[in-house]
Amino acid sequence: MTADVWLPIPPDEIEGLPEGPRYRYWNGEEEFPADPARCGFYVVPYMKPAELGQRPLPRMSAVEVVQTLSAGVDHVEPGLVHLRPGVRLCNARGVHEASTGELTLALILASLRGIPDFVRAQDRGEWLGGFRPALADRNVLIVGYGSIGAAIEDRLAPFETARVERVARSARTTARGPVHPLTDLSALLPEADVVILSTPLTPQTRGLVDADFLARMKDGALLVNVARGPVVDTKALLAAVESGRVTAALDVTDPEPLPADHPLWRAPGVLISPHVGGPTSAFLPRAKRLLTDQLTRYLNREPLRNVILTTGASGA
């Protein structure tokens, strides 16, 4: 193996990397660490602008694998047009489930129990009592039931929810129960007290949460988005929350970052976190384990994990 491997984590900080390739550290700096044409395995910098991660792709004529450290790959896919056929794109399934599952529960509980109101009241020195909704006895709908959706349900289990329904691109059965196809969504929405979005951003899911989707939600329901901002039509969401019909907890927005003067910041019943579902102390250990495993498989010519698509293949 003589091809380079580009890593956004210093290679001497990753225990167990297999010997053989030349490891190059690049985390989005202006200057490339080596000739991109010699890169065989490219790990895209994490939490960087999409155009930065795509920048070396047109010059990566020998690359065989593009590996993201995110669950979503929408920030990389536009750059794949520059690559030759046969390049495998892999995501970071297994890295973000713990962090995103935690944040999802935090957003739900904070929104239902009024934690933002308590923080503001504390700033004023005000004792703000009263009854608040509980997560117990609520119906929850998870839209996007991959590994992160399943991890969210795992964390919902101790909270005595009344029912959890699951929706994905196609129907299947899991140990926890059936997964409904997207075509069932309109029938499930009116029964849900909490709707969680954990779906990837695809042409089918872009704008999925539009005015009709929001109109079908139960009065007083909570929308939680830990997927991607463009899954939700922001204009339609603003109208829905300003009417008081629904509330929202958003880790992602459209646009993102959200401009300081955007009305979503001040919309009633909206809690916003700045896309922090993945970057926690849980990220690096899991990312390093994934990279060590993937690179060992790559060097041994074994099947890679988490292959999302192969360039030049039908539908890619």
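The values are calculated or read from the model by the stated rules, or taken from the named source; none is laboratory data. Note that the structure is a prediction, hence the values are computed from the model and not measured. Methodologically, a virtual Cβ is constructed for each residue, glycine included, from the backbone with ideal geometry; neighbour enumeration extends over all protein chains shown.
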| query | Considering only segment 62-73, how many residues are crowded, with 22+ Cβ neighbours inside 10 Å and either modelled with pLDDT of 95 or more or outside the structural domain of THR296 (by TED's automatic domain parsing) (or both)? | reply | 5
| task | Output the residues belonging to segment 115-174 that are of a type in the set (D, E, K, R) and either closer than 16 Å to THR104 by Cβ or touching a residue at least 24 places away in the same chain (Cβ under 8 Å) (or both). | result | ASP137, ARG138, GLU153, ASP154, ARG155, GLU160, ARG163, GLU165, ARG166, ARG169
| field | Matching residues in segment 185-209 - criterion: being surrounded by fewer than 17 Cβ atoms within 10 Å (Cβ to Cβ), within 26 Å of ASN91 (Cβ to Cβ) and without any contact (Cβ under 8 Å) to a residue 40 or more places away in the chain | value | PRO203, GLN204, ARG206, GLY207
| query | Somewhere in segment 229-239, is a residue surrounded by 15 or more Cβ atoms within 10 Å (Cβ to Cβ), without any contact (Cβ under 8 Å) to a residue 24 or more places away in the chain and more than 27 Å from ALA151 (Cα to Cα)? | reply | no
| request: Report those strands (runs of 3 or more DSSP E) wholly inside segment 95-206 carrying at least 2 residues which are not aliphatic (A, V, I, L, M). | output: 163-168, 172-174, 177-181
| field | For PRO116: the one exception among (1) in the same structural domain as ARG289 (by TED's automatic domain parsing); (2) farther than 25 Å from SER147 by Cα; (3) in contact with a strand residue (DSSP E or B) (Cβ under 8 Å, 6 or more places away or on another chain) | value | (1)
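When you go through ARG55, ARG59 one by one, which is the residue that is over 23 Å from ARG301 (Cβ atoms), in contact with a Pro (Cβ under 8 Å, 6 or more places away or on another chain) and at pLDDT 95 or above? Can you show your working first?
On the way: ARG55 fails: in contact with a Pro (Cβ under 8 Å, 6 or more places away or on another chain).
Sole residue among the options that is over 23 Å from ARG301 (Cβ atoms), in contact with a Pro (Cβ under 8 Å, 6 or more places away or on another chain) and at pLDDT 95 or above: ARG59.
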| Of the criteria (1) without any contact (Cβ under 8 Å) to a residue 60 or more places away in the chain; (2) surrounded by 12 or more Cβ atoms within 10 Å (Cβ to Cβ); (3) polar (S, T, N, Q), which one SER111 fails | (1)
| Criterion: touching a strand residue (DSSP E or B) at 6+ places or on another chain (Cβ under 7 Å), modelled with pLDDT of 95 or more and of a type outside the set (S, T, N, Q) - qualifying residue of LEU271, LEU284, LEU238, LEU299 | LEU271
| request: Tell me which of these PRO259 doesn't satisfy, since it passes every other one: (1) in contact (Cβ under 8 Å) with a residue 12 or more places away in the chain; (2) assigned by TED's automatic domain parsing to the domain that holds LEU103. | output: (1)
| query | So which residues in segment 40-61 are surrounded by fewer than 17 Cβ atoms within 10 Å (Cβ to Cβ) and in a loop (DSSP other than H, G, I, E, B)? | reply | MET47, LYS48, PRO49, SER61
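Here's the yes/no breakdown for (1) of a type in the set (A, V, I, L, M, F, W, C); (2) assigned by TED's automatic domain parsing to the domain that holds GLY101; (3) at positive phi; (4) not in a helix (DSSP H, G or I):
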residue	(1), (2), (3), (4)
GLY220	no, yes, yes, yes
ALA236	yes, yes, no, no
ASP254	no, yes, no, yes
LEU291	yes, no, no, no
THR296	no, no, no, no
